[in-house]
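> This is the structure I have questions about; it appears just below.
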Amino acid sequence: MSDAAFSIAELLADPDAGLERIRNHGPVVPMDMGLMVVEYEALRDALGDARLKPNFADFLTQLGVTSGPFFDWMSMSPLNMDGAEHRAWRQLMKKTFTPKSVEQTRPFVKSQSEELADALASLGHCDFVDAYARRLPSLGLCELIGVPPEDRDRFCGWADTIGLGFNLLMAAQEIDKIDDAITHLLDYAGQLVEKRLADPRDDFVTRLAQAASEEGVDAGLVRGSVAGLVFAGHETTKNQLGWMIAVLAEIPNEWNGVAKDPSRARDMIEELLRFRAAVTSLGRTAIEDLEIAGQPIPKGSRIIGSLATANRDRKAFPNPDEFDPEANKKNAQMAFGHGAHFCLGAALARLELQESLVALSARIECPKVEEGATWLPPIGINGPLTLPIRFAARSPA
């Protein structure tokens, strides 16, 4: 492992070229913010290693955020848990947030996707983020959780703001807004949990609140878990929907292929998640001395797991730098992480992306991205802030 460090500034200046240089430098590469694990197998091993602990609160401290509602929430969040505490939380969630319960939302997500796509198709041009990407994820999550329709716009706004806390360059400068949003979201989630305990319904919050009460789980953790699902499911899927349009706008044959055969959407979305995942990296801290891909990792080392480079590893994917659903099916993409912290909402995200691609490709010709798109910095959660597109409505078959 070379002593020469790559810098975050290099990635910000030219993300794709910077990641390509890092990717060619070895399985573990020294960066100015820690050691970056860049290869597919090395990262799978690292994310499955109990000696590497999630470190989001440590990440915030590096940025100068050391207290306040967002810092406190993240410090106790499942994203920052490990060991027996995290396993107990996952077991609780598995009882309530099941693949079956997620799949039961498919008819609702399908109808909402079609409704939003119908409205978009009549416009001819729009900002895709505002017209579609920021609307659909919160609808699906709120339906699953049991949030009343009249409150869903507020949830969407809070989630948009909290998402800034997961971006390296924006967390510290926007922390007052982020603190305000998480305070409101946690208060609302707490009230919703209390209502469901008093007046149970057939929804996720009721099942979670009842299971937690039976097992003596702290009410603050239940409230924080509800808020976390709302945020995580909204922000990541919103950005991934933006990438879906930005990527496929350059590949009309793939877009039109789904319009002709909607069953292709599943493989297309898996390749999208590999080719351009909204979540670019995950952080860990070594709690013991260990090795990753033969490289010594001293206790206390900060580890950056690069999902972006692992998903472009030539040893794992035959055609890594091209959007090629067939060639790159050899290994599972890593957009949702791996190991004990594999994304709990992966099934819902896949469902929403698949139904969106089917609904949109059936109603509009392949869109063109116009000038003026703006983007989150390519660190942490990445995607378009605005994405102006122009398109023609499809003629009826």
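The values are calculated or read from the model by the stated rules, or taken from the named source; none is laboratory data. No experiment lies behind these values; they were computed from the predicted model shown. Here Cβ is always computed from backbone atoms with ideal geometry, including for glycine, and neighbour counts include all displayed protein chains. Side chains are part of the model used for accessible areas, which takes the heavy atoms of the whole protein and leaves out ligands, DNA and RNA. Shrake-Rupley method; radii C 1.70, N 1.55, O 1.52, S 1.80 Å.
> Could you grab me the full set of residues in the stretch 311-342 that are surrounded by fewer than 17 Cβ atoms within 10 Å (Cβ to Cβ), under 30 Å from Ser101 (Cβ atoms) and at pLDDT below 95?
If the condition is that a residue be surrounded by fewer than 17 Cβ atoms within 10 Å (Cβ to Cβ), under 30 Å from Ser101 (Cβ atoms) and at pLDDT below 95, then Lys329, Gly339, Ala340, Phe342 are the ones that fit.
> Moving to a separate point now. Give the number of residues within the stretch 211-233 that are surrounded by fewer than 21 Cβ atoms within 10 Å (Cβ to Cβ) and on the phi < 0 side of the Ramachandran plot. Please lay out each step first, then the result.
Going through the stretch 211-233, the residues surrounded by fewer than 21 Cβ atoms within 10 Å (Cβ to Cβ) turn out to be 211, 213-221.
Keeping just the survivors that are on the phi < 0 side of the Ramachandran plot gives 211, 213-215, 217-221.
Here the count works out to 9.
> Looking for whichever is more than 21 Å from the chain's Cα centre (by Cα) and surrounded by 22 or more Cβ atoms within 10 Å (Cβ to Cβ) here; the options are Ile287, Ile292. Which one fits?
On the way: Ile287 fails: surrounded by 22 or more Cβ atoms within 10 Å (Cβ to Cβ).
Within the list Ile287, Ile292, the selection yields Ile292.
> Which of (1) at pLDDT 90 or above; (2) open to solvent by 20 Å² or more (accessible area, probe 1.4 Å); (3) over 27 Å from Pro69 (Cβ atoms) does Asp202 not meet, given it meets every other one?
For Asp202, the failing item is (1).
> Kindly provide the set of residues from the stretch 136-147 that are surrounded by 22 or more Cβ atoms within 10 Å (Cβ to Cβ) and either touching a strand residue (DSSP E or B) at 6+ places or on another chain (Cβ under 7 Å) or not in a helix (DSSP H, G or I) (or both), ordered by number.
Within the stretch 136-147, just Val147 meets the criteria.
> Something else: Take the residues in the stretch 325-356 that are basic (Lys, Arg) and in a helix (DSSP H, G or I), then tell me which one is nearest to Val258 (Cα to Cα).
Here the answer is Arg350.
> Quick test of your reading of the structure: Arg207 fulfils all but one of (1) under 26 Å from the mean Cα position of the chain (by Cα); (2) more than 30 Å from Pro148 (Cα to Cα); (3) open to solvent by 10 Å² or more (accessible area, probe 1.4 Å). Name the failing condition by number.
(2)
> Any chance you could count how many residues in the stretch 148-164 are under 18 Å from Ser113 (Cα atoms) and either open to solvent by 40 Å² or more (accessible area, probe 1.4 Å) or not charged (D, E, K, R) (or both)?
Going through the stretch 148-164 one residue at a time, the tally reaches 3.
> Same structure, new question: So which helices (runs of 4 or more DSSP H) stay within the stretch 1-96 end to end and still have 2 or more residues that are under 24 Å from Ala340 (Cβ atoms)?
Ranges flagged: 40-47, 56-62, 69-76, 83-96.
> Looking at Ile379, Ile389, Ile364 in this structure, which one is more than 27 Å from Val226 (Cβ to Cβ), touching a helix residue (DSSP H, G or I) at 6+ places or on another chain (Cβ under 8 Å) and surrounded by 23 or more Cβ atoms within 10 Å (Cβ to Cβ)?
Ile389
> Can you spot a residue in the stretch 55-75 that is open to solvent by 30 Å² or more (accessible area, probe 1.4 Å), at pLDDT below 85, more than 19 Å from the chain's Cα centre (by Cα) and polar (S, T, N, Q)?
yes
> Give me the residue from the stretch 160-203 that is of a type in the set (A, V, I, L, M) and touching a Lys or Arg at 6+ places or on another chain (Cβ under 8 Å) and, out of that set, farthest from Met33 (Cα to Cα).
Val193
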